[in-house]
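Heads up: the structure comes next, in structure tokens.
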Amino acid sequence: YRAKKARTGFEVYDDAQDRDAWDRLAMVEALRLALDRGQLSLAFQPIVDARTRRPRSVEALVRWIDPERGFVPPDVFLPLAEHAGLMPLVTRNVLDLAFDEARELRQLGHEIAVSVNLSASDLIDGRLEHEIAQRLIVRDLPASAVKIEITESLLVHGGRATEFFLAVRELGMELLVDDFGTGYSSLAYLHDLPVSTLKIDRAFTNRLTTDPRTAIIVASTIDMAHRLGLNVVAEGVETEDELARLQTENCDLIQGYLISRPLPAADLHTWLSTAAEEQRPPETSAQPGR
Ligand code: C2E
Ligand code: MG
Ligand code: MG
Ligand code: MG
């Protein structure tokens, strides 16, 4: 059987597929173990005012460092977790850690929110909104201490997205549309759903200063968002040129390596204290519209 397959030229392909399948299975098992042992952590990336660079919130990004594999990017292990039905566990872990950090930040005197990413399978069972509310109560946090990020495609294809959004909005929590511009969707949801902020995908930010057509798309997106009463975050800002351009286009908030990489909690606290020091002298009263 194998020899026959080899002659048709499919043998190598099949082996590679088997190995990939095996690797994926092994990775899922390793992830299961990491979840059991509480070995996932979060990194926090500051989101700052595009003009003053003052911190407004931080995005929680899940981190998994496996003893064998080292750092495994979320883009790699989250799809596997989703497929293996582990996403509810991952998300509960992430929510616990993110809400803990939201509380910690408050105790340290930083009035900034933590925003949490959710994925499609999180919205299926209809319990998530309840669990979010519960976590606020247990930690005695106001709803403004946490924000929710959901991608555009999830908004359109995730069946319960609307119900979930309305429930979370009812709590008083802000909702952000992540990776805006990559979902190939209609914009109809923008008037149906209680969204507060659009996050322009990194792919647009990166081409902003080199591709005139991208610049037009970004400028129009910001304009449209403002007319709809929404805020705009530009993701993946890496250069001063990009920032300058975004300021010209009246982008409200920015996030990216230019400001800070995602940081472990302890480093975030240092970063925030330093940012607060730097902001102290020019504590002017004239902050237009913010
Ligand atoms: P995202 O929500 O769009 O997060 C932004 C990603 O861009 C992060 O990658 C961040 O590290 C990266 N980034 C930020 N600034 C820059 C920059 O200036 N340049 C470049 N090149 N990259 C930048 P990360 O942490 O690898 O996360 C990738 C994606 O995985 C996230 O995209 C999000 O969709 C998903 N994700 C991360 N954490 C979670 C989580 O806890 N739950 C869920 N459901 N998804 C998560
Ligand atoms: Mg995000
Ligand atoms: Mg994004
Ligand atoms: Mg992304």
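The values are calculated or read from the model by the stated rules, or taken from the named source; none is laboratory data. Because the structure is predicted, anything quoted here is derived from the model rather than measured. No Cβ is skipped: glycine too gets one built from the backbone with ideal geometry, and neighbour counts run over all protein chains shown.
Key figures
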| quantity | calculated |
| --- | --- |
| Count of segment 203-212 residues which are in contact with a strand residue (DSSP E or B) (Cβ under 9 Å, 6 or more places away or on another chain) and either surrounded by fewer than 18 Cβ atoms within 10 Å (Cβ to Cβ) or not in a helix (DSSP H, G or I) (or both) | 2 |
| Residue that is surrounded by fewer than 18 Cβ atoms within 10 Å (Cβ to Cβ) and over 25 Å from residue 276 (Cα atoms), where the choices are 171, 136 | 171 |
| Filtered residues of segment 58-68 (kept if at pLDDT 95 or above and away from ligand 2 (no atom under 16 Å from the Cβ)) | 64, 65, 66 |
| Residue that is nearest to ligand 2 (Cβ to nearest atom) [pool: residues in segment 167-182 that are outside any helix (DSSP H, G or I) and farther than 18 Å from residue 219 by Cα] | 176 |
| Cross-chain or 6+ apart pairs with Cβ under 9 Å, segment 219-230 first and over 16 Å from residue 208 (Cβ atoms), then polar (S, T, N, Q) | 226/250; 229/196; 230/196; 230/197 |
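Table: residues versus (1) without any contact (Cβ under 8 Å) to a residue 60 or more places away in the chain; (2) within 19 Å of residue 101 (Cβ to Cβ); (3) among the β-branched types (Val, Ile, Thr); (4) in a strand (DSSP E or B).
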{"site": "130", "(1), (2), (3), (4)": "yes, no, no, no"}
{"site": "140", "(1), (2), (3), (4)": "yes, yes, no, no"}
{"site": "148", "(1), (2), (3), (4)": "yes, yes, yes, yes"}
{"site": "165", "(1), (2), (3), (4)": "yes, no, no, no"}
{"site": "199", "(1), (2), (3), (4)": "yes, no, no, yes"}
{"site": "214", "(1), (2), (3), (4)": "yes, no, yes, no"}
{"site": "217", "(1), (2), (3), (4)": "yes, no, yes, no"}
